[in-house]
Amino acid sequence: LNHRGCGGIASRTPRHYHLGFTDDLRTVVERTAAAHDADSSIFIMGISLGGNVVLRYLGENPAHPLAHRVCGAAVACVPFSPMNAQLRLNSG
């Protein structure tokens, strides 16, 4: 996923990415599940802020990932305290 408005690409939607935005990941999971056989499994991963999105998605509505065949997830370098991380980044 390309977080809306990040990475040098202008956002073409009325909503912008924020740390708690999981709608895009939810849509990707739903479309992937619909496009593949019912016996296939989905695994998702995220790094840094993407890891935060994955964890939030899994925790928001635990029945949704299971209903759409999400069988596993991996995250790395997740900012568990994003405000503290931002303060440290700003201080150099």
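Worth a mention:
- Heavy-atom accessible surface of region 29-84: percent carbon and sulfur, 1.4 Å: 61 percent
- Amide H contacts of Ala73 (H built 1.01 Å from N, under 5 Å, at least 5 apart or other chain): Ile44
- Here the Karplus curve 6.51 cos²θ - 1.76 cosθ + 1.60, taken at θ = phi - 60°, turns the phi angles of region 44-61 into couplings of 10, 9, x, 10, 6, 4, x, x, 4, 4, 4, 5, 5, 4, 5, x, 4, 8 Hz, with x standing for Gly and Pro.
- Förster radius 22 Å - calculated FRET efficiency between Asp23 and Leu89, Cβ distance, rounded to 0.05: 0.25
- Sorting 42-50, 28-36 by average packing, meaning the other beta carbons within 10 Å per residue, from highest down gives 42-50, 28-36.
The values are calculated or read from the model by the stated rules, or taken from the named source; none is laboratory data. Keep in mind that this is a model prediction, so the values were computed, not measured. Positions of Cβ are backbone-derived with ideal geometry, glycine not excepted, and every protein chain shown enters the neighbour counts. With ligands, DNA and RNA removed, areas are computed over all heavy atoms of the protein, side chains included. Shrake-Rupley method; radii C 1.70, N 1.55, O 1.52, S 1.80 Å.
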